[in-house]
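Read the figures in this text as sums done on the coordinates, not as results from a lab. Remember, it's a predicted structure, so these values are computed and weren't measured experimentally. Positions of Cβ are generated from backbone atoms using ideal geometry, with glycine treated the same way; all protein chains shown enter the neighbour counts.
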Amino acid sequence: MKGTIEIYRGNIVDVDCEVIVNAANSSLMGGGGVDGAIHRAAGPKLKEACKPLAPCPTGEVRVTEGFDLGDRLVFHTVGPVWRGGSEGEAELLKACYLHCLQELIKRELTTIAFPAISTGAYGFPANEAAGIAVHACREFAADHDVKISLTAFDEPNATAIQGALDQP
Ligand code: APR
């Protein structure tokens with residue numbers, strides 16, 4: 001594997017990296033959870049920058065500066081709402097990770113921090129989401145020299161992500 005994948009326990013806004021991924025909704029106008037934390041830390045200019053980029057369809061990504069987050073960019077992606085698992089949720093979640101990683105490479109950047117997309121308000125089970133996240137990141141890191149941080153803000157996600165990373 002060319003790249004690395006690590007777990008980061010804590011607030012995504014504290015990760016030392018070039019890109020912070022936001023688990024947004026399609027309006028890109030902010031919200032609770034990680035979206036709220038990123039908008040608070042970045043300041044009101046972030047919302048202004050998001051306006052012309054909305055709507056963002058599920059599984060896709062939109063890019064803004066980070067404003068008060070410093071030099072870091074924000075990749076806003078929209079995870080799927082969990083509806084039981086038979087409505088393409090897994091594929092859409094994987095698309096979020098891969099589209100962000102493709103955008104990272106396109107911009108010739110290498111370090112990125114992801115939240116556990118969809119596992120909060122959108123209800124995706126933590127274990128299943130962690131498996132998809134780790135699988136998508138491994139697939140990408142096999143061929144690209146990237147440093148990926150998977151952030152775990154709560155204990156269920158920390159256990160789920162560590163468990164997925166421990167699987168060969
Ligand atoms: N840093 C890292 N992770 C965080 C933070 C933070 N500051 N705050 C919350 N989290 C974690 C939660 O513990 C959860 O595991 O992020 C994960 C994703 O939860 P949500 O933020 O609720 O995101 P999601 O499930 O994708 O729902 C998106 O919620 O905030 C709204 O506008 C957002 O409508 C959208 C929806």
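For E18, the residues 5 or more places off, or on other chains, whose built amide H falls under 5 Å of its own are T111, I112.
Couplings 3J(HN,Hα) of the range 124-135, computed from phi: 5, x, 4, 5, 5, 5, 5, x, 5, 4, 5, 4 Hz, in residue order, whole Hz [Karplus 6.51 cos²θ - 1.76 cosθ + 1.60, θ = phi - 60°; x for Gly and Pro]. Sites counted here are trypsin sites (Lys or Arg not before Pro) in a DSSP loop (not H, G, I, E or B) having no more than 14 other Cβ atoms within 10 Å; the longest part of the chain that contains none of them is 3-82. Kirkwood radius, the range 14-58, all distinct C-alpha pairs, inverse of mean reciprocal distance: 11.0 Å. Over all directions, the projected convex hull of the C-alpha atoms in the chain averages 8.6 nm² in area.
If R0 is taken as 22 Å, the Cβ-Cβ distance between K47 and I105 corresponds to a FRET efficiency of 0.20. What residues qualify as long-range amide H neighbours of T4, i.e. H under 5 Å apart, gap of 5 or more or another chain, H built at 1.01 Å from N? Sorted by chain and number, the residues that satisfy this are V146, K147, I148.
The alpha carbon centroids of the range 1-19 and the range 28-83 are separated by 18 Å.
Annotation: lysines with alpha-carbon distance below 30 angstrom to K47 (same-chain offsets under eight excluded): K94, K106, K147.
Please figure out what share of the DSSP beta bridges in the chain is antiparallel and state it in percent, rounded to the nearest 5. Just about 20 percent of them are antiparallel. Between T159 and M1, residue separation times 0.36 nm minus the direct Cα-Cα distance comes to 54.6 nm.
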